[in-house]
1. Quick one: check the C-alpha center-to-center distance for the stretch 91-111 versus the stretch 1-18, whole angstrom.
2. Run the accessible area of the chain with a 1.4 Å probe and give the carbon-and-sulfur part as a rounded percent.
3. If I require 18 Å or longer along the helix axis, counting alpha carbons, and a Kyte-Doolittle average no lower than 1.6, what helices from the chain are left? Use full DSSP H segments.
4. How big is the charge dipole of the stretch 1-119 about its Cα centre, in debye rounded to the nearest 20, if each Lys and Arg gets +1 on its Cβ and each Asp and Glu gets -1 on its Cβ?
5. Starting from the Cα coordinates of the stretch 3-74, work out the convex hull volume and express it per residue in Å³.
6. Full-extension gain between residue 42 and residue 114, please, as 0.36 nm times their residue separation minus the C-alpha to C-alpha distance.
7. Once Lys and Arg get +1 and Asp and Glu get -1 on their Cβ, which of 57, 12, 117 lies farthest toward the positive end of the dipole of the chain?
Amino acid sequence: MGHAAGDTVLASIAARLTAWAGPRAAVGRLGGDKFAVVLELTASRRALRLEQLVRMLHTPVTLDDGRTVDVAASVGAATPDVIATRDLTVLQRAADAALYDGKHSGRAILATAQHVNSQRSPAVSMAIASAWSVRM
């Protein structure tokens, strides 16, 4: 499909993540097809919001020429209450490890303490409460 189609898909995913996360969140592309989102999200709303994110990310992208592209995405999430830290480097690493554990599962994976010690992932620092790692 070419670079233009890939750029359109990446821009669409970035827009979806930004809309999902809201105005008080930080959304960024880490490189390639990998994004990170940092936001505060209550435990009571976590499962619902992650389900919404997965549905949103799996919606096909329509290209400028009218063709559609199916999108497959993996989502890993890490939260201070589960990981027992607010250190964003640790949260990002755990979210990334959970992402890889859930690859191709079609659902979001919430990191556990076991993901903290995973040998995967570069560390990324941002600021605030929960870290979400998304890879297409």
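1. 21 Å
2. 52 percent
3. Taking the DSSP H segments of the chain (at least 18 Å long, mean hydropathy at least 1.6), we get none.
4. For the stretch 1-119, the charge dipole is close to 280 debye.
5. Numbers: hull volume 6.4 nm³, N = 72.
For the stretch 3-74, the hull spanned by Cα atoms encloses 88 Å³ per residue.
6. Working: separation 72, 0.36 × 72 = 25.92 nm, distance 2.19 nm.
Computed gain between residue 42 and residue 114 is 23.7 nm.
7. With unit charges placed on the Cβ atoms, the residue in question is 117.
The values are calculated or read from the model by the stated rules, or taken from the named source; none is laboratory data. Being a predicted model, the structure only gives us computed values, none of them experimental. With ideal geometry, Cβ positions are generated from the backbone for all residues, glycine too; neighbour counts draw on all protein chains shown. In case anyone asks, the SASA skips ligands and DNA or RNA and just uses the protein heavy atoms, side chains included. Shrake-Rupley method; radii C 1.70, N 1.55, O 1.52, S 1.80 Å.
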